[in-house]
Amino acid sequence: MADVYKGTDTRLGRTVAVKLLRPDMARDPQFQARFKREAQAVAALNHPSIVAIFDTGEHVVHDGSTEDVRVPYIVMEYVEGKTLRELIRANEVSISEAIDYCLGVLGALEYSHKAGIVHRDIKPANVMYCPGSNSVKVMDFGIARAIADSSATMTQTQAVVGTAQYLSPEQARGRLWMPAATSIPPRACSTKC
């Protein structure tokens, strides 16, 4: 849906990541809305385990057609490291590291839920491990929804979003479970943890 480039913030002299919606997608109002929703969702979140958003805007692209395309972009924190997906595939994750990574992700999700944002696509490819700070960063809130957004319910849209292998049971059944904005109810553990 988007391309991510490494860039330089010339005003502040820092390395940034620039996420640019692909021009073919930018012509579709639905993709435009999803991309803008990501920027709005993450811009409101300030947590050490969530990639920070610095700026948003639009860039005019001349693609050879009669009309120019207004392509939205997000300027965000540049995160150096590997995705958990890469680490898992390379068999580079110990049990104690996996626990630490999960705690970082859970901290980010708890914070975003309290802020009224549900990620909806948590998977190893959307979490970066940063060796410099020995921490994780949750990224790609592209299909996040605000809890208060009544148009986001599964029963209204009949759309299942996310990566099939990582869908919650509620989504797979066509019911969207949304936590209360102030707390996340505990679930019983059916195996010894």
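Annotation: amide H-H contacts under 5 Å for residue 2 (H modelled 1.01 Å from N, sequence separation of 5 or more, or interchain): 22.
Between residue 106 and residue 123, the contour length at 0.36 nm per residue exceeds the alpha carbon distance by 4.9 nm. Its Cα gyration tensor gives segment 2-77 an equivalent ellipsoid. The semi-axes, each the square root of 5 times an eigenvalue, are 24, 16, 8 Å from largest down.
What list do you get for 129, 5, 101 if you sort them by fewest beta carbons within 10 Å? List each step's numbers first, then the result.
On the way: 129 23, 5 10, 101 20.
The order, fewest Cβ neighbours first, is 5, 101, 129.
In this structure, the amide hydrogen of residue 16, modeled 1.01 Å from its nitrogen in the peptide plane, lies closer than 5 angstrom to those of 7, 8, 9, counting only residues at least 5 positions away or on a different chain. In this rough spin-label picture, where each label sits 7 Å from Cα along the Cβ direction, the residue 91-residue 115 distance is 3.8 nm. Modelled spin labels at residue 4 and residue 55, positioned 7 Å past Cα toward Cβ, are 1.9 nm from each other.
Each value in this text was obtained by applying a stated rule to the coordinates, not by laboratory testing. Note that the coordinates shown come from a computational prediction; the quantities given were computed from them, not determined experimentally. As a convention, Cβ positions derive from the backbone with ideal geometry for all residues, glycine included, and neighbour counts pool all protein chains shown.
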